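K.L.:
Submitted below is the structure of interest, expressed as structure tokens.
Nothing in this text is a laboratory measurement; each read-out follows from the coordinates by a stated rule. Just so you know, these numbers come straight off a predicted model, no measurement behind them. Quick reminder, even Gly has a Cβ in these numbers, built from the backbone with ideal geometry, and neighbours come from all protein chains shown.
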């Protein structure tokens with residue numbers, strides 16, 4: 001599987017935008033980029049995914065580099081509830097794919 | 001929909017004991033999987049199933065058994081518990097082949113003494 005690289009941790013202030021980077025230099029043309037997050041003491045939850053174009057939903061935006069070797073999850077206005085571990089995962093478009101998770105980025109939000 | 005449910009929430013076992021962690025989903029998802037998460041680590045895939053009667057191994061299958069007799073249920077069996085199996089266990093399901101988001105249960109926190 002193609003691997004992803006994320007910073008171990010990032011910090012933000014409440015109400016400010018947060019940009020969480022992910023490098024995936026060995027991504028293949030058939031890999032989707034998925035983001036999940038895990039709040040303390042909970043199971044992971046889906047945030048957003050994309051293939052080539054930037055994507056927006058009610059939780060976040062996903063900006064994908066033109067060469068697809070990196071992507072950025074954007075939280076437009078961080079809240080205390082956004083403090084979580086964020087996982088960037090590549091998912092093959094074909095095959096019986098079950099995601100595997102790395103250590104992710106631990107986001108700390110300061111009031 | 002209840003989504004993905006797991007029981008029990010907490011469990012303490014002695015070394016050598018066996019037990020079954022239960023997982024059920026009511027979304028008619030074909031794919032189900034089990035992960036374990038050790039402190040400060042990401043999730044590691046134990047076993048997964050692509051449909052009733054079909055299971056396969058993930059990254060860390062040793063010491064665990066699974067079966068999938070129905071679409072709804074995917075129990076995880078610890079055959080002879082060891083302290084190294086102390087972890088939080090998450091069950092997940094997703095709808096279809098290749099695509100779709102995964103839905104996770106709330107987790108079972110297992111301690112083996």
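K.L.:
What's the FRET efficiency of residue B:14 with residue A:11 using the Cβ-Cβ distance as r and R₀ = 30 Å, to the nearest 0.05?
P.N.:
0.10
K.L.:
Relative contact order of chain B, please, whole-number percent, based on alpha carbon pairs below 8 angstrom and at least 6 residues apart.
P.N.:
Computed value for chain B: 36 percent relative contact order.
K.L.:
Hey, rough spin-label estimate for residue B:56 and residue A:58, points 7 angstrom out along Cα→Cβ, what's it come to in nanometres?
P.N.:
Here the answer is 3.4 nm between the modelled labels.
K.L.:
What Kirkwood Rh does region B:37-113 have if only Cα atoms enter the pairwise 1/r average? Answer in Å.
P.N.:
Its Kirkwood hydrodynamic radius stands at 13.5 Å.
K.L.:
Ok, one more. With a Förster radius of 45 Å, plug the Cβ-Cβ distance of residue A:80 and residue A:51 into 1/(1 + (r/R0)^6) and report the FRET value to the nearest 0.05.
P.N.:
0.90
K.L.:
Report the calculated FRET efficiency for residue B:95 and residue A:103 (r = Cβ-Cβ distance, R0 = 30 Å), to the nearest 0.05.
P.N.:
FRET efficiency, residue B:95 to residue A:103: 0.65.
K.L.:
Roughly how many nanometres apart are two label points built 7 Å out from the Cα toward the Cβ at residue B:72 and residue A:3?
P.N.:
My value for the distance between the label points is 4.2 nm.
K.L.:
Still on this structure, please answer the following. What does the average come to when, for each residue of peptide A:64-76, you count the partner chain Cβ atoms lying within 10 Å of its Cβ?
P.N.:
For peptide A:64-76, the averaged partner shielding equals 0.
K.L.:
Taking every residue in A:100-107, how many Cβ atoms of other protein chains lie within 10 Å of its Cβ, on average?
P.N.:
Mean shielding count: 3.
K.L.:
For chain A, list log₁₀ I(q)/I(0) at each q in 0.11, 0.13, 0.19 Å⁻¹, using the Debye formula over Cα point scatterers of equal strength and ignoring solvent, two decimals each.
P.N.:
At q = 0.11, 0.13, 0.19 Å⁻¹ the computed log10 ratios are -0.32, -0.44, -0.94.
K.L.:
Any idea how far the Cα center of region A:36-111 sits from the one of region B:9-84, in Å?
P.N.:
Centre-to-centre (Cα) distance: 25 Å.
K.L.:
Note down the Stokes-Einstein diffusion coefficient of the protein assembly as shown in µm²/s, whole number, using a Kirkwood radius over alpha carbon pairs, 25 °C, and 0.890 mPa s.
P.N.:
Translational diffusion coefficient: 135 µm²/s.
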